[in-house]
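Below is one structure, written out as structure tokens; comments come after it.
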Amino acid sequence: MWCQRLAWLLRGRRGSTSGRWPWLPRGPGPVLAAPARCHPTAPASPCCAWQLHQDHLELSYGSTVMRLDFVWLRDHCRSASCYNAKTKQRSLDTASVDLAIRPQAVRVDETTLFLTWPDGHVTRYGLEWLARNSYEGQKQQVMHPRILWNAEIYRQAQVPSIDCRSFLETNEGLKEFLQNFLLYGIAFVENVTPTKEDTKILAERISIIRETIYGRMWYFTSDFSRGDTAYTKLALDRHTDTTYFQEPCGIQVFHCLKHEGTGGRTLLVDGFHAAEQVLRQAPEHFQLLAKVPLKHEYVENVGGCHNHMIGVGPVLNVYPWNNELYLIRYNNYDRAVFNTVPHDVVRRWYHAHRALTAELRRPDNELWVKLKPGKALFVDNWRVLHGREAFTGYRQLCGCYLTRDDVLNTARLLGLQA
């Protein structure tokens, strides 16, 4: 079921043009006198045609029409003198390439583009490689495949929790966990010994723990030991954490060690699902939320803790070449004074913010989970908002933040797209 939904989502995103960035250059330059050529190929190979322009090569391969700048083509050469295949690093000094360079000869066969440069150097490119790595190819690709969800979609998917032993001791268990996490932005590990030490071992299986002003591993109780509403028994509305960091923490780990009382359920909301609804219903709101920078601020003077943090960034962060959302920065508690745009934009921004908030607060988007000792929750803090209901009694959690780069690195080493 989720495979079908993922395919539908990817088709929908590829077909959407409402979110494209209008200031990116488009269209070919003046055409030189080289004719377009289509070479006969094997039945399984797409037909290829090419045409030389003033400063680039236009290459049509299958359904992709690529416009490849001559400097780019020289810079990305994978010959032994230009690229170290062992270290996967460029050897060519890019600054040494003549910015007016043009190929002396061009040839294309069924699978490969050959370029001969004025100094006699020959560059070879696989056509499939070019189709994947060109700007036009990237526009059609999704960097991070995901399944957007509301509460019903997530429940119907019946995403399994991973047993702690399988998670820690087998690559299969770790890979299944990471695949769930990448697709949904949340994942659970069961049968964890309810101690801070065991939670630390769990976290370090996939990442380096990110040390912050809260330390590395933290205990979390309602003692108001920090200047934050989270350290109370009050309800918390949906939000992402550390919006007041220049780079918000990527992954958050929660493990409830003890709760002697009532309430305290955890709220989870897929921020990307809500943003997708805004994009479909009011693309101008989506674009405004992706362009307007905001300040978030954390000021703390409690006990020995003295901090003043400021982070700047838009609510929605997208890759400009394909409009793919990769980070949502949403925390109404910590949003600072809104003074980063002139007055004629302010009211439009509030309308856009209201539209996103309405989606985030839809009851059918709310997934409520009761965290219990032994069940650890990993949350993608760049995607999934979390909150909680008010509670009574003594409730103790532990957890930490993980470095996003290391989690994605672990996933890629296991063969996952991340």
It is to be established whether one or more residues within segment 140-150 are out of contact with any Cys (no Cβ under 7 Å at 6 or more places or on another chain), modelled with pLDDT of 95 or more and under 21 Å from Lys375 (Cα atoms). no
Go through Thr193, Thr170 for me and flag whichever is free of Cβ contacts under 8 Å to residues at least 24 places away in the same chain and β-branched (Val, Ile, Thr). Thr170
Within segment 67-111, count every residue that is assigned to a helix (DSSP H, G or I) and over 18 Å from Gly126 (Cβ atoms). 5
Is it the case that some residue within segment 382-398 is in contact (Cβ under 8 Å) with a residue 40 or more places away in the chain, in a loop (DSSP other than H, G, I, E, B) and surrounded by 18 or more Cβ atoms within 10 Å (Cβ to Cβ)? yes
What number of residues within segment 369-398 are at positive phi and in contact with a helix residue (DSSP H, G or I) (Cβ under 9 Å, 6 or more places away or on another chain)? 1
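Return yes when His308 is open to solvent by 40 Å² or more (accessible area, probe 1.4 Å) and out of contact with any Leu (no Cβ under 7 Å at 6 or more places or on another chain) and no when it is not.
yes
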Applying the selection to segment 62-92, what residues are modelled with pLDDT under 95 and crowded, with 17+ Cβ neighbours inside 10 Å? Thr64
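Okay, residues lined up against (1) in contact with a Pro (Cβ under 7 Å, 6 or more places away or on another chain); (2) within 16 Å of Thr242 (Cα to Cα):
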{"site": "Asn301", "(1), (2)": "no, no"}
{"site": "Asn307", "(1), (2)": "no, yes"}
{"site": "Val312", "(1), (2)": "yes, yes"}
{"site": "Leu316", "(1), (2)": "no, yes"}
{"site": "Asn322", "(1), (2)": "no, no"}
{"site": "Asn332", "(1), (2)": "no, yes"}
{"site": "Ala336", "(1), (2)": "no, yes"}
{"site": "Val341", "(1), (2)": "no, no"}
{"site": "Ala352", "(1), (2)": "no, no"}
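One line per residue, one yes/no per condition, for (1) touching a strand residue (DSSP E or B) at 6+ places or on another chain (Cβ under 6 Å); (2) within 28 Å of Glu204 (Cβ to Cβ):
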| residue | (1), (2) |
| --- | --- |
| Lys233 | yes, no |
| Gln246 | yes, yes |
| Leu267 | yes, yes |
| Gly271 | yes, yes |
| Ala275 | yes, no |
| Val278 | no, no |
| His285 | no, no |
| Tyr298 | yes, yes |
With respect to Ser166, determine if the residue is in contact with a helix residue (DSSP H, G or I) (Cβ under 6 Å, 6 or more places away or on another chain) and assigned by the TED database to the domain that holds Leu327. yes
So, of the residues in segment 93-118 that are within 13 Å of Cys48 (Cα to Cα) and of a type in the set (Ser, Thr, Tyr), which turns out to be least open to solvent (accessible area, probe 1.4 Å)? Thr112
Of all residues in segment 141-152, which are more than 16 Å from Leu416 (Cα to Cα) and either small (Gly, Ala, Ser) or surrounded by fewer than 15 Cβ atoms within 10 Å (Cβ to Cβ) (or both)? Ala151, Glu152
Test: residue in segment 332-350 that is among the hydrophobic types (A, V, I, L, M, F, W, C), in the same structural domain as Phe286 (by the TED database), in contact with a strand residue (DSSP E or B) (Cβ under 7 Å, 6 or more places away or on another chain) and part of a strand (DSSP E or B): no
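Residue-wise test of (1) part of a loop (DSSP other than H, G, I, E, B); (2) under 30 Å from Leu385 (Cβ atoms); (3) of a type outside the set (Ser, Thr, Tyr); (4) open to solvent by less than 30 Å² (accessible area, probe 1.4 Å).
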| site | (1), (2), (3), (4) |
| --- | --- |
| Gly120 | yes, no, yes, no |
| Arg124 | no, no, yes, no |
| Trp129 | no, no, yes, no |
| Tyr154 | no, yes, no, yes |
Among the residues of segment 290-310, is any in contact (Cβ under 8 Å) with a residue 40 or more places away in the chain, part of a strand (DSSP E or B) and more than 24 Å from Val337 (Cα to Cα)? no
Within segment 334-365, can you find the residues that are acidic (Asp, Glu), buried (at least 16 other Cβ atoms within 10 Å of the Cβ) and touching a helix residue (DSSP H, G or I) at 6+ places or on another chain (Cβ under 7 Å)? Glu359
Counting only strands (runs of 3 or more DSSP E) entirely within segment 165-280, those with at least 3 residues that are crowded, with 20+ Cβ neighbours inside 10 Å and under 25 Å from the mean Cα position of the chain (by Cα) are 186-190, 251-260, 266-270
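The values are calculated or read from the model by the stated rules, or taken from the named source; none is laboratory data. Bear in mind that the values here come from a model prediction, so they are computed numbers and not experimental data. Note that each Cβ is placed from the backbone with ideal geometry, even for glycine, and that neighbours are counted across all protein chains shown. These area figures cover heavy atoms from the full protein model, side chains too; ligands, DNA and RNA do not enter into them. Shrake-Rupley method; radii C 1.70, N 1.55, O 1.52, S 1.80 Å.
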